[in-house]
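The values are calculated or read from the model by the stated rules, or taken from the named source; none is laboratory data. Note that this is a predicted model, so its numbers are computed, not measured. Virtual Cβ from ideal backbone geometry, glycine too; neighbours counted across all protein chains shown. SASA here: full protein model, heavy atoms, side chains in, ligands and nucleic acids out. Shrake-Rupley method; radii C 1.70, N 1.55, O 1.52, S 1.80 Å.
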Amino acid sequence: MAAVEGFAPIEEKMAAAGLARKAIDTFQHHYAALRAGASGQWGGTDIQAVRSLPDAEHLERFAETGTRKLSSTVVIKLNGGLGTSMGLTKAKSLLPVRDGLTFLDLIARQILSLREQSQAAIPALLMNSFRTRDESLETLARYEGLALPDLPLDFLQNKAPKIRQSDLAPSEAPSDPGLEWCPPGHGDLYTALSTSGTLTLLMDRGIEYAFVSNADNLGAVLDPGLLGYMVENDIDFMMEAADRTSADRKGGHLCIRRGQGLALRESAQCPDDEKDDFQDVNKYKYFNTNNLWVHVPSLAALMDHHGGILPLQTIVNRKTLDPRDPDSEPVFQLETAMGSAISLFPNAAAVRVPRSRFSPVKTTSDLLGVQSDAYQLTEDSRIVLDPSRESPPTIILDSAHYKLVDEFSRRFPGGAPSLIECDSLEVTGDITFGSGVVVRGPSRVAANGAPARVPDDTVISGSFTAVPMSGRGG
């Protein structure tokens, strides 16, 4: 690649850290965009809304074709996250979700169930980070037969240096060198597949398709109908999109970028003065579930065409060197979203999927939802929205008391309340919930300052004031 001004010390830093040449070249591409003044943002004049999409619920007729391709399809789960926002110091996928089972337990059971049903040796891979790898593989080792003899169970994502906003040089933190690095975003999937040698292994094994999703989305399982639709229509990249609700308004949305076809716009790519428009769920109707389907030979060919890298849209995030210290040095974190590849593949498509394929856990509010009866644990180990519901309940737990997992668990000692008939639940204050609590409709639970409780078997509909811990109310 042509030399980029200011990149030499960054290249030296990345090489010293053992990063592969393709990872360095990929980061140079994004650094060049930063130096050229790219903000990574594009406004409403550059895009138009997607009016409709093919509906996955009408693609069952393609299932026979998809079933024939299962043995040449790999399932990839993104597993690099630590869940630090919830106070975790290990992989978020090791958090118990339902009946004492972790995300990884359920993923392993999903794969084994799918193999048994299809009689196909479907490989499974985790994209781990260095901090999630050991414990995650230790968990999967408990599942006999999950690992296949000719493929590993994981590959490692790369890392990227933080860039000083003041002079675009690599950041320095001698007392804590780990602060100098950040994840490059899940768009690193494509680079990591290549730099780890996994892409070559998959090609050599005859793998044609990859189904990719987040490890914390237990509704995402390999679907023969979707796979068959992709095969029969010669699609080389396909995104699963779902209807946006008020709970999704701050997340990225699918759109059509003028002159470029389908595109994904993340919140960090929206100008500040257009945030209201970005969050209009009636205008931008679909969000990216991060369930993606990739034709593996097409990915390899596209990367070769671009000199071994995938030129994804650069996302410029303004952060501080120490995320816990807002007064620390301002830095840029250059990231990519794997869904943005939809703009690069010549035969890309998107399909509308039901909410049952999207059950992520990003916060303890999400965790309460999937632990409740608003979701079901299926026989094939998926956690899906109860079929009686069109969308999940909107849950807002007071971050002062529920943000961290251990704080959350202490306040729900008897398990999650019933939320099957709940539209929304907002909890304000230090409140412990008893067993057998039922929440209906739009509801708010508050405390009058001091720690309080919701007694066992309470039915909440509307506003409810929790009982002070010293009280005897029922």
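Assuming a ≥ b ≥ c are the square roots of the Cα gyration tensor eigenvalues, decide whether the range 190-332 counts as rounded (a/c under 1.5), prolate (otherwise, with a/b larger than b/c) or oblate. Verdict is oblate for the range 190-332.
Determine, for each peptide in 230-240, 329-339, the mean count of other beta carbons within 10 angstrom over its residues, then list the peptides with the highest first.
My ranking of the peptides, most packed first, is 329-339, 230-240.
Across the range 79-200, C-alpha contacts under 8 Å between residues 6 or more apart give a mean separation that, scaled by the residue count, equals a relative contact order of 20 percent.
Across the chain, Cα pairs under 8 Å and at least six residues apart give a relative contact order of 17 percent. Please label the shape of the range 1-73 as rounded, prolate or oblate, based on the square roots a ≥ b ≥ c of the eigenvalues of the alpha-carbon gyration tensor (a/c under 1.5 means rounded; beyond that, a/b larger than b/c means prolate, else oblate). Oblate, since a/c reaches 1.5 and b/c is not below a/b. Each DSSP beta bridge with both residues in the chain is either parallel or antiparallel, and the antiparallel ones are about 50%. Ranking W293, P455, A36 by how far each Cα lies toward the positive end of the dipole of the chain (charges on Cβ) leaves P455 at the top. Local charge sum around Y209 (other residues, Cβ-Cβ under 11 Å, Lys/Arg +1, Asp/Glu -1)? Computed value for this residue: -1.
Across the accessible surface of the chain, with the other protein chains kept in place and a 1.4 Å probe, carbon and sulfur atoms take up 48 percent. Between the C-alpha center of the range 290-326 and that of the range 135-192 there is a gap of 13 Å. The Cβ shell under 9 Å around V438 holds other residues with a net charge of -1, Lys and Arg each +1, Asp and Glu each -1.
About its Cα centre, the range 141-199 has a charge dipole of approximately 80 debye under the convention of +1 per Lys or Arg Cβ and -1 per Asp or Glu Cβ, with nothing else charged.
Only helical DSSP H runs with n ≥ 4 go in: add -39500 (n - 2.57) per run for the chain, normalise by residue count and round the 222 nm mean residue ellipticity to 500 deg cm²/dmol.
Estimated from H runs of four or more residues: -6500 deg cm²/dmol.
Name the residue farthest towards the positive end of the dipole of the chain from the options T67, T84, F155, assuming +1 on Cβ of Lys and Arg, -1 on Cβ of Asp and Glu, about the Cα centre. Toward the positive end, the furthest listed residue is T84.
Positive contributions from Lys and Arg (+1) and negative ones from Asp and Glu (-1), summed over other residues with Cβ under 15 Å from the Cβ of I122, come out at +1. The lysines whose alpha-carbon is closer than 24 Å to the alpha-carbon of K319, local same-chain residues fewer than 8 away aside, are K13, K90, K92, K159, K162, K250, K275, K362, K403.
For the chain, what is the accessible area per residue in Å² when the probe is 1.4 Å?
Roughly 43 Å² per residue, with all protein chains present.
What shape does the range 359-474 have by the C-alpha gyration tensor, where a ≥ b ≥ c are the square roots of the eigenvalues, rounded means a/c under 1.5, and otherwise prolate means a/b greater than b/c and oblate the rest?
prolate
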